[in-house]
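Right, one structure below, let's go through it.
The values are calculated or read from the model by the stated rules, or taken from the named source; none is laboratory data. Fair warning: this is a prediction, and the values are worked out from it, not measured in the lab. When the accessible area is computed, the model is the full protein with side chains, heavy atoms only, and any ligands, DNA or RNA have been set aside. Shrake-Rupley method; radii C 1.70, N 1.55, O 1.52, S 1.80 Å.
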Amino acid sequence: MHTPSLIEKKRDGAELDAEEIESLITAFTRGEVADYQMSAWAMAVFFRGMTPRETQHLTTSMMRSGRVIEYPAGSPPKVDKHSTGGVGDKVSLVLAPLLACDEVWVPMISGRGLGITGGMLDKLESIPGFSVNLDEQRALQQLERIGVFMIGQTADICPADRKLYALRDVTGTVPSQPLIVASIMSKKLAENLDRLVLDVKFGSGAFMKTRREAEQLAASMTEVGELMGVQMSCLLSPMDEPLGRAVGNALEVAECVEILRGGGPPDLITLILDLSEKVSTASRERLAAWLRDGSAWRKFVQLVEAQGGDATALEKMQSVHQAPVIQPFTAPRGGTVRAVNAEAVGRASVLLGGGRQKADDAVDLAVGFSRLKKASEQVENGEPLMFIHARSAADVTSILPLLEKAVQIS
Ligand code: URA
């Protein structure tokens with residue numbers, strides 16, 4: 001294989017065959033393709049796209065870059081959910097333990113923050129001690145014991161996505177349909193699932209800006225999943241404003257704890273139930289009861305403890321990760337909130353340090369936004385529209401122009 005030729009072929013809009021894609025992914029996984037070459041190739045895919053056949057080959061090559069999980073005979077149905085990414089999207093943290101209250105296994109493999117969207121692994125790591133790296137044997141033992149694990153791509157499971165994901169995050173190559181399909185579906189196929197629900201987001205804070213693009217992405221992922229024998233369902237959900245009232249790693253875990261303790265914002269709870277009922281055998285009423293009566297909370301505590309996390313930190317996340325500066329961002333006039341632009345809030349969160357600007361950046365787990373107002377709520381002049389959690393007053397000043405544009409009041 002001659003890597004520069006494969007980059008040029010994609011740059012010029014030609015179709016790569018199965019063997020070319022497989023060898024590129026294998027060599028990249030082994031460290032034989034430089035990061036700058038893979039980034040250039042991803043940018044070529046971004047501009048040129050891929051045929052359905054290429055997307056299928058890319059997905060299976062990435063899945064085969066590691067192992068596909070094997071389960072003991074007679075084990076319960078394996079179910080999962082994945083989101084295409086949004087601002088304040090913390091659904092999985094509640095949904096995974098909720099689904100595991102049922103007689104199913106939830107072997108969830110997620111990613112880190114991507115572009116302006118947060119990632120489940122970064123959020124989980126804000127729980128002191130929580131390890132997102134389990135080997136397959138430990139992960140399987142955990143499924144047997146509590147029915148759920150939440151881990152990242154590893155050296156054994158989807159290593160190609162682990163590497164490519166980190167490059168896409170910082171090279172402007174995230175919003176490419178074939179790269180999203182391959183990234184999501186390679187992880188989900190490596191989980192060897194029976195049922196999968198996809199939350200395909202559209203709007204300012206999503207990678208797909210229009211409903212039409214989201215429909216195409218959903219169709220493409222459904223086709224790949226069904227070809228591999230997974231029962232697929234999709235929900236298209238708007239991402240024009242952040243989900244819930246918190247954005248930022250530890251702040252989002254705190255909001256999930258609120259939900260698991262029976263409270264929390266209604267938009268988030270509705271979406272969690274909408275998605276859960278698509279893969280659960282339990283009814284919506286039963287799922288809602290497990291959220292209210294503490295069953296999902298107890299499952300979450302079990303999950304945190306099983307993966308080395310300190311469950312006593314869960315109800316004090318804001319003091320475990322307290323940003324040095326917490327400042328209200330206030331309404332310049334009274335009226336009705338018309339919009340809180342998710343893209344602007346996501347960008348501001350990355351600028352505060354909640355996302356990466358270079359592949360090896362560490363994310364700041366404390367920064368972000370809390371108590372966000374939502375569209376159609378009334379505010380008084382001078383009332384907080386949100387609270388900014390930042391490392392310094394200078395960081396707050398730097399994001400104010402973004403926030404001023406993000407919120408519309410009339
Ligand atoms: N989630 C993923 O795992 N990959 C993407 O590319 C987008 C969302």
- For the range 246-341, rounded, prolate or oblate, judged on the Cα gyration tensor with a ≥ b ≥ c (square roots of eigenvalues), a/c < 1.5 rounded, else prolate if a/b > b/c? oblate
- Task: Would you mind pulling out the separation of the Cα centroids of the range 331-399 and the range 131-181, in Å?
- Result: 28
- Give the shape of the range 3-64 as rounded, prolate or oblate, defined through the alpha-carbon gyration tensor: a ≥ b ≥ c are the square roots of its eigenvalues, a/c under 1.5 means rounded, and otherwise the shape is prolate if a/b is larger than b/c and oblate if not. oblate
- Note on the structure: Per its Cα gyration tensor (rounded if a/c is under 1.5, else prolate when a/b beats b/c, else oblate), the range 79-314 is best filed as rounded
- Rounded to 5, the percent of DSSP beta bridges in the chain classed as antiparallel: 45
- Message: Springs between alpha-carbon pairs under 10 angstrom, Gaussian network model over the chain: which of Met150, Met228, Met50 fluctuates most?
- Response: Met228
- Query: How big is the range 322-409 by the Kirkwood estimate over distinct Cα pairs, in Å?
  - Reply: 13.2
- Note on the structure: In whole percent, the fraction of accessible protein surface over the chain that belongs to carbon or sulfur atoms, probe radius 1.4 Å, stands at 49
- Item | Cα gyration tensor of the chain - equivalent ellipsoid semi-axes, whole Å, descending | 33, 27, 19
- Task: Under a cut-off of 19 Å between alpha-carbon atoms, report the aspartates and glutamates in cross-link reach of Lys405, not counting same-chain residues fewer than 8 places apart.
- Result: Asp240, Glu241, Glu343, Glu377, Glu380, Glu383, Asp395
- Under the rule of -39500 (n - 2.57) per DSSP H run of 4 or more residues, summed and divided by the residues of the chain, what mean residue ellipticity at 222 nm is obtained, to the nearest 500 deg cm²/dmol? -14000 deg cm²/dmol
